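The values are calculated or read from the model by the stated rules, or taken from the named source; none is laboratory data. Note that the structure is a prediction, hence the values are computed from the model and not measured. Glycine gets a Cβ as well: all are built from the backbone with ideal geometry, and neighbour counts include every protein chain shown. Surface accessibility is based on the protein's heavy atoms, side chains included, excluding ligands, DNA and RNA. Shrake-Rupley method; radii C 1.70, N 1.55, O 1.52, S 1.80 Å.
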Amino acid sequence: MTDNRIALVTGANQGIGLQLAKELVANGVTVLLGSRSAEKGEAAAKDIGAGAVAIQIDVTDAASIAAAAERIRAEFGRLDLLVNNAGISNTRNGDFELAEFSNNSRASNASLQEVRAIWDTNVFGVLAVYQAMLPLLQQGVAARIVNVSSGVGSLTRNADPAFPYRSIFGPGYAASKTALNAMTLAMMIELEGTGIKVNLVSPGFTSTALNNYAGTESVEDGSREVVRVCLLGPDGATGTFTGWNNSTIPW
Ligand code: NAP
């Protein structure tokens, strides 16, 4: 048991999740560093040091999610912060070039098998983790859920012919983030008046494995808004969708 805030961050063994875990620990939060690979999670937690605890969680595996929830219940009895960060942009395991990938991810030619796999992680995975962790958040102090989405999922932006990036809006990654935004709204509406706050955040275009390191921002800069929202205190906002520097993103 600990008096520190207790956070679970999914997909925290690399990229934005790892940066977030480091900064939460530096701010006195006990971070359950979620990783689908137990070994990678242990290595990342060891690197961060005291305050980071590796926990195996594959968001597409119901047994893994249930085991993680049970372990958190037994060892900590509550969760104060849940960060649904784990996500994939494709199923090619790093073997892709962004422009070529976008051209083959259009409504007419996207592989349905790949679209389903992306939605499984980015949409249904988040819903499954939410359902498993909600009883622990209900025991938490000033509990908050932060879902890591993307501005590329904004329907308002993409419906505007003047939006410069609308040509890359496809049924896989981008639409999965639209669906995640919808899931988040459902969580926000369900939790209104319960004291559990819910926020949606878009990192910057960050150099990580997700985009084969084509992102233009460092993990430190790209993660900054995610870190800010995760460190909001009990009076911090709920129901927001923000990006760079607390800018509001239209749903
Ligand atoms: P990343 O470096 O590829 O990290 C993704 C993390 O998610 C990895 O730890 C990965 O684990 C994990 N993951 C994937 N599938 C999982 C599963 N089934 N169960 C549990 N963990 C799983 O990418 P990132 O850029 O940091 O992405 C983090 C989040 O930010 C994602 O939700 C992404 O959509 C969002 N985002 C990123 C950008 C950007 O420019 N990078 C922009 C907007 C939004 P493995 O190491 O085992 O693969």
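Here are some notes:
- About its Cα centre, the dipole of segment 44-147 is roughly 320 debye, where the only charges are +1 on Lys and Arg Cβ and -1 on Asp and Glu Cβ.
- Here the accessible area is traced with a 1.4 Å probe on the protein chains. For segment 6-242, carbon and sulfur cover 54 percent of it.
- Spherically averaged projected area of segment 63-215 from its Cα convex hull (nm²): 10.1 nm²
- With the convex hull constructed from alpha-carbon coordinates only, segment 1-150 shows a mean projected area of 9.3 nm² over all directions.
- Computed [θ] at 222 nm, deg cm²/dmol, the chain (DSSP H ≥ 4; -39,500 (n - 2.57); rounded to nearest 500): -11500 deg cm²/dmol
- For the residues 78, 224, 106, a GNM of the chain with alpha-carbon springs under 10 Å puts the largest fluctuation on 106.
- Across the chain, C-alpha contacts under 8 Å between residues 6 or more apart give a mean separation that, scaled by the residue count, equals a relative contact order of 19 percent.
- Accessible surface calculations at 1.4 Å, restricted to protein heavy atoms, place segment 6-242 at 44 Å² per residue.
- Exposure rank, largest accessible area first [40, 22; 1.4 Å]: 40, 22
- Each label was represented as a point 7 Å from its Cα along the Cα-to-Cβ direction; for residue 26 and residue 3 these points are 2.5 nm apart.
- Nearest-20 debye value, segment 194-251 charge dipole, Cβ charges on Lys, Arg, Asp, Glu: 160 debye
- Cα-based reach from residue 22 at 18 Å (exclusive), listing lysines while leaving out same-chain residues under 8 positions away: 40, 46
- Partner aspartates and glutamates for residue 197 [C-alpha distance under 17 Å; skip if fewer than 8 residues away on the same chain]: 80, 225, 235
- Exposed loop positions in the chain were taken to be GluC sites (Glu not before Pro) whose DSSP state is not H, G, I, E or B and which have at most 13 other beta-carbon atoms within 10 angstrom. Between these positions, the longest stretch is 1-96.
- The residue among 216, 60, 99 whose Cα reaches farthest toward the positive pole of the charge dipole of segment 6-242, with charges on the beta-carbon of Lys, Arg, Asp and Glu, is 60.
- Estimated dipole of the chain in Debye, rounded to 20 [Cβ of Lys and Arg +1, of Asp and Glu -1, Cα centre]: 260 debye
- The label point for residue 185 and the one for residue 248, both projected 7 Å from the Cα toward the Cβ, are 1.5 nm apart.
- From phi via Karplus (6.51, -1.76, 1.60), per-residue ³J(HN,Hα) for segment 60-70 in Hz, x at Gly/Pro: 9, 10, 4, 5, 5, 5, 5, 5, 5, 4, 5
- Were the residues from residue 108 through residue 155 laid out at 0.36 nm apart, the gain over their Cα-Cα distance would be 15.0 nm.
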